[in-house]
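Everything below concerns the one structure shown next.
The values are calculated or read from the model by the stated rules, or taken from the named source; none is laboratory data. In this text the structure is predicted, and so the values were computed from the model without any measurement. For neighbour counting, all protein chains shown are included, and Cβ atoms are generated from backbone atoms with ideal geometry for every residue, glycine included.
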C-alpha cells in the first residue's frame, strides 16, 4: 500500500489550475497550425492568427488565455493500492483549486447556489469524478471549462430506432445551434450510451484525449472524421466570421446501454481548451 499525503494532491491541483489557464497544451497549438494551413477565409485566417498570438502572450506573461477562467472539472484515476492520508481527497482537490485561483490571480466564476448567485470567491467547488483503477498511482486531469461553450452543450435521449443517423444529426445540430456563441473553433466531446448521467460524463472525459489523435476504435475514428468534415462544411468559421474551421475535433466515447435507450450527450468546448494532467 502506497501512501500519498493530501498536501501533494493540493499542490498538484494548484499548479495544474494555474498552468491550464496560462499555457495551452501542444495539441491545441498544433491544431491552430493545421487550421492556418487549410483555412481559405481571410477573416478566418486572421482570427486564427490572433488566437495563436494570444496563446503565446498568455504563456510568456503567465496571464489567463481567456478572461473566463472556467469551472474546474477534475477527473481522478485513483489506484486501488493508494492510501490518501492527512485528510479527504475531495477537500484536497478543492483546496488546490482555491490556492491556484487565488495565487494565480484567476477570475472566480463560481456561485455557491444556482439561486442566490453569491460568488464563492475562490472558484470552488470543482466538479470531481473519481475512478478506482489498478495500481499505486494517482492520475489527476484538470480542465478549466468555460461557461459560454458549456451553456451550448446538449443532451438527448434518442429512441434506438433513430440509430446512428440520429446520433450524427444531433451532433451536427449542436454545432449549428452553438454557432458563434461558443467561441469556435470548437472541440466536441460526445458520449453515447450508458444512462443519462453516464453519457454526460463520457462526453466530458472524451475531451481529455489528445487533439488530432485517432480514436482507438477504428469505427468511431471514421465516425469522428465524418462528423468533423460535416461540422466544418457549415461555414461558421473561427469566432463565427466564416470559414473552413468551425471545429478542431470531435471525440467520441461509448458505453453499453439498455435495449430501450440511446442516450447522447455533447459537451461543447471552445478554442480555449485548457487542460492539464499529472500522475503522482
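Points to keep in mind about this one:
- Flag for residue 174 being at pLDDT 95 or above, surrounded by 15 or more Cβ atoms within 10 Å (Cβ to Cβ) and closer than 30 Å to residue 15 by Cβ: no
- All positions within the stretch 43-70 that are over 21 Å from residue 105 (Cβ atoms) and more than 19 Å from the chain's Cα centre (by Cα): 43, 44, 45, 46, 47, 48, 49, 50, 53
- Count - residues of the stretch 28-50 that are crowded, with 17+ Cβ neighbours inside 10 Å and under 30 Å from residue 94 (Cα atoms): 1
- Options 1, 57: the member that is out of contact with any helix residue (DSSP H, G or I) (no Cβ under 7 Å at 6 or more places or on another chain), surrounded by fewer than 19 Cβ atoms within 10 Å (Cβ to Cβ) and modelled with pLDDT under 95: 1
- Being under 22 Å from the mean Cα position of the chain (by Cα) and either over 30 Å from residue 179 (Cβ atoms) or surrounded by fewer than 19 Cβ atoms within 10 Å (Cβ to Cβ) (or both) is not true of residue 118.
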